[in-house]
Amino acid sequence: MLARLLHALRERNLRTQILAITAAILAVPVLVVFYDLLYASKTEEILLVKSEERLATITNLLADGVVAALRGEGTTGPPSAEALAAAFNQVAEPLAGTYHGVRLGFYLPETGQILIQGFLHEYRRLAPEEQRERERRIFEEVRSGVLAVAASKTPLARMGTTWDDQFLENLVPVFVDGHFVGVAWAEERLNPIFSRTRNFRLVTRYLTLLGFCVGAVGTLLVIYNLTGSVGRIKQGLRRLERDLHYRLPPEPAEMGEIVRAINRLAEAVAEKERLEEQLRRSERLAALGRLVGGLAHELRNPVGIIRATVQVLEQELPAGENARTALQIIREQADRQNQLLHELLEFGRTRQALVQPLNVNTLLKGVLDFTAPLLRQHGVGLECRLAQDLPPVEGDAERLKQAFVNLILNAVEAMPAGGRLTVTTRALPPEAAATDGPPGQVAVAFQDTGPGIPEEDLGRIFEPFYTTKDRGTGLGLAITHHFVELHGGRIDVESRPGEGATFTVVLPAVTKEEAKDHGR
């Protein structure tokens, strides 16, 4: 049975398990407290009821004895105070001697005095002044009960309390021939240990209940926080399965350490996948470059012959001939194929790179100067935000220029109705670079105001021959990506449909001392 219960508990979620264990732990003190409240209180009540019954018997004996003593004397009508005092002393003195620890009293409504026989816990003879002080103190203790019985003419049982004591009290009205003549009562002191234990148990009960409530609330808060953190981590892990670039939000205490470890692991996995993808792309590009280079070289000569033949025919045919239209179409298609072959040759070219220290701002200004007419022709405004004191980079100036030109042309083609191109350069601090990489990086961003790139296309835009344009070859971004990777850099793309796209080229920087050493 226990094994099945534990197995069923393990199948539940963490919140249910913690709640079940907490409930099992708190069940024991709760049951003990309720047992104490229900049964121990009943025991106390039984003891108090028995004491009250005993006092009621003594009080009735006292009242009946006083009435009998007055009748024995032949008193008719309301008795005098002296007769009542004599009858009380006659009856109460032997009763007090029989019931030790019981104090008997009688209230005289005519004079407002009380008569007392017996002691609760004082057993010595008192001086007259001490006796009067005792009677005054006792009357103050029983005043409320005596006056209540005198007013209602009904018996009363109650628990009296002083600053250091507790006692049971039973009071009855006394009638002689139908006339109310006084109030008789009997008192018995509660055992100090019983009284103190009762108070202690009462305080203990409430403190236990308070502690239980505080503990339960605290436990629930801990469970809520813990399970909430676990739930957020689970949701974050589900999202990480779909997007390795997502990072879990921070959590406090130990959960925060777990979240940071998960984020570090996700970063490592994302970097590993990026490097693996970069390696696969490089291998594919290298193989594809060799293939297309050979094909382009073989096809370039026939295409050139076709184009030259068309030019000769156009010169020999008379103006207005219908054949001229067909020849023009052939020439346009030959030019288009020649451009494609030129890009294929550039893609497959493996010439030795001319590496030298370069200033990215200077390189960009040269590119923007000869592309300015193109931007104006297509109604594209240019905004430059070039950071000063950029660290130099090492690279092939011609290949980097070609990469920048391709990105500018790509932005222009994305804004056929005009727009704005923003070119930004900035230096990335060493903290943003890899720990085992260069001392810093230089970022060049090209931001357009075009329609943006659909999310499903973002992962394929650098693949050779993949294009969404009607007349595109799909090689411009592939060549750009290839050139940037040859320089040890990367291209980051950010885009949302309808909000344009931003291509950021990140290149490793070198120190000025390294640049000088290279110059030597």
- Efficiency of FRET between residue 27 and residue 49 - r from beta-carbon atoms, R0 25 angstrom, step 0.05: 0.20
- Could you work out how far apart the two model spin labels at residue 490 and residue 150 are, taking each label as a point 7 Å from the Cα in the direction of the beta carbon, and quote it in nm? 9.9
- Would you please give the FRET efficiency between residue 457 and residue 230, computed as 1/(1 + (r/R0)^6) with r the Cβ-Cβ distance and R0 = 45 Å, to the nearest 0.05? 0.75
- Amide H neighbours of residue 428 at under 5 Å, excluding residues fewer than 5 places away on the same chain, with H built from the backbone geometry, are 441, 442, 443
- Message: Quick check: residue separation of residue 499 and residue 355 times 0.36 nm, minus the Cα distance between them. What number comes out in nm?
- Response: 48.2 nm
- Message: Run the simple label-point estimate for residue 214 and residue 177 please: 7 Å along Cα→C-beta, distance reported in nm.
- Response: 6.8
- Output row, site residue 362, 7 Å Cα→C-beta label point, backbone N cut-off 20 Å, window segment 383-402, residues 385-402
- If amide H atoms are modeled at 1.01 Å from N in the peptide plane, then the residues at a separation of 5 or more from residue 119, or on another chain, having amide H under 5 Å from its own are 101, 102
- Placed amide H near residue 190: partners under 5 Å, 5+ positions off or other chain: 166, 167, 168
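Read-outs throughout are calculated quantities, based only on the coordinates presented, and are distinct from any laboratory measurement. Bear in mind that the values here come from a model prediction, so they are computed numbers and not experimental data. Heads up, the Cβs are rebuilt from the backbone with ideal geometry, glycines too, and the neighbour counts pull from every protein chain shown.
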